[in-house]
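Asker: This is the structure I want to talk about, given as structure tokens.
The values are calculated or read from the model by the stated rules, or taken from the named source; none is laboratory data. Just so you know, these numbers come straight off a predicted model, no measurement behind them. Neighbour counts run over all protein chains shown; Cβ positions are idealised from the backbone, glycine included. What goes into the accessible areas is simple: the full protein's heavy atoms, side chains included, and nothing from ligands, DNA or RNA. Shrake-Rupley method; radii C 1.70, N 1.55, O 1.52, S 1.80 Å.
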Amino acid sequence: MTPQFVRQDPASAAAELPGFPEDVELYRSAYRNWVGEITASGLWACAPADGEQAVAVVDWARRQGWRIRPRGLSHGWSPLTVTEGTGSGAPVLLVDTTRHLTALSLESTDPAAVRVGSGATLEGLLTFLEGHG
């Protein structure tokens, strides 16, 4: 399932989330776990472009008293990302790792070591490994 999101006007987002890192893509998003038992709508979400932006988001959340929840492809059943009944005004920020944090690199060949971004899919990793023997 691809997350649905609605871009927010930067001025209105800044009014609701004062001090949020300006260079990080921010939007409202729905959440639905794989089996559809847990849903939420209108949650704040962001898509950091790199590790530095991710750290800035986490630092902002800590200062504001918000909870950070990593968001991948929502292929789970447990309430680890969002609990049932979480409303759009809850201080929960979904951090979408699948938009930009997907890099794969071969770090060494003997022994083989691969560095995998937090948003990479298993299919992407397996395809990468196949391409590198």
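Asker: Please enumerate the residues belonging to region 24-46 that are open to solvent by less than 30 Å² (accessible area, probe 1.4 Å), within 15 Å of Val82 (Cβ to Cβ) and aliphatic (A, V, I, L, M).
Answerer: Ile38, Ala40, Leu43, Ala45
Asker: Within region 62-103, track down each residue that is under 19 Å from Gly36 (Cβ atoms), open to solvent by 30 Å² or more (accessible area, probe 1.4 Å), under 14 Å from the mean Cα position of the chain (by Cα) and charged (D, E, K, R).
Answerer: Arg69
Asker: When residues of region 104-125 are filtered for being under 23 Å from Asp59 (Cβ atoms) and either open to solvent by 70 Å² or more (accessible area, probe 1.4 Å) or of a type in the set (Val, Ile, Thr) (or both), how many remain?
Answerer: First, pick out the residues of region 104-125 that are under 23 Å from Asp59 (Cβ atoms): 117-119.
After this cut, where a residue has to be either open to solvent by 70 Å² or more (accessible area, probe 1.4 Å) or of a type in the set (Val, Ile, Thr) (or both) as well, the list is 118.
Result for region 104-125: 1.
Asker: List every residue pair whose Cβ atoms lie under 6 Å apart, where the two residues are 6 or more positions apart in sequence or sit on different chains, the first residue falls within region 121-133 and is over 15 Å from Thr102 (Cβ atoms), and the second residue, located anywhere, is open to solvent by less than 100 Å² (accessible area, probe 1.4 Å).
Answerer: His132/Leu106
Asker: Sticking with this one: Would it be correct to say that Pro111 is touching a strand residue (DSSP E or B) at 6+ places or on another chain (Cβ under 6 Å), within 30 Å of Thr127 (Cβ to Cβ) and not aromatic (Phe, Trp, Tyr)? Spell out the reasoning first.
Answerer: Numbers: touching a strand residue (DSSP E or B) at 6+ places or on another chain (Cβ under 6 Å): no; within 30 Å of Thr127 (Cβ to Cβ): yes; not aromatic (Phe, Trp, Tyr): yes.
Considered against the rule, which asks whether it is touching a strand residue (DSSP E or B) at 6+ places or on another chain (Cβ under 6 Å), within 30 Å of Thr127 (Cβ to Cβ) and not aromatic (Phe, Trp, Tyr), Pro111 comes out as no.
Asker: May I pose another question? Show the residue pairs meeting these rules: Cβ distance below 6 Å; 6+ apart or different chains; first residue within region 47-61 and more than 14 Å from Leu17 (Cβ to Cβ) and open to solvent by less than 30 Å² (accessible area, probe 1.4 Å); second residue at pLDDT 95 or above and not in a loop (DSSP other than H, G, I, E, B).
Answerer: Pro48/Ala54; Pro48/Val57
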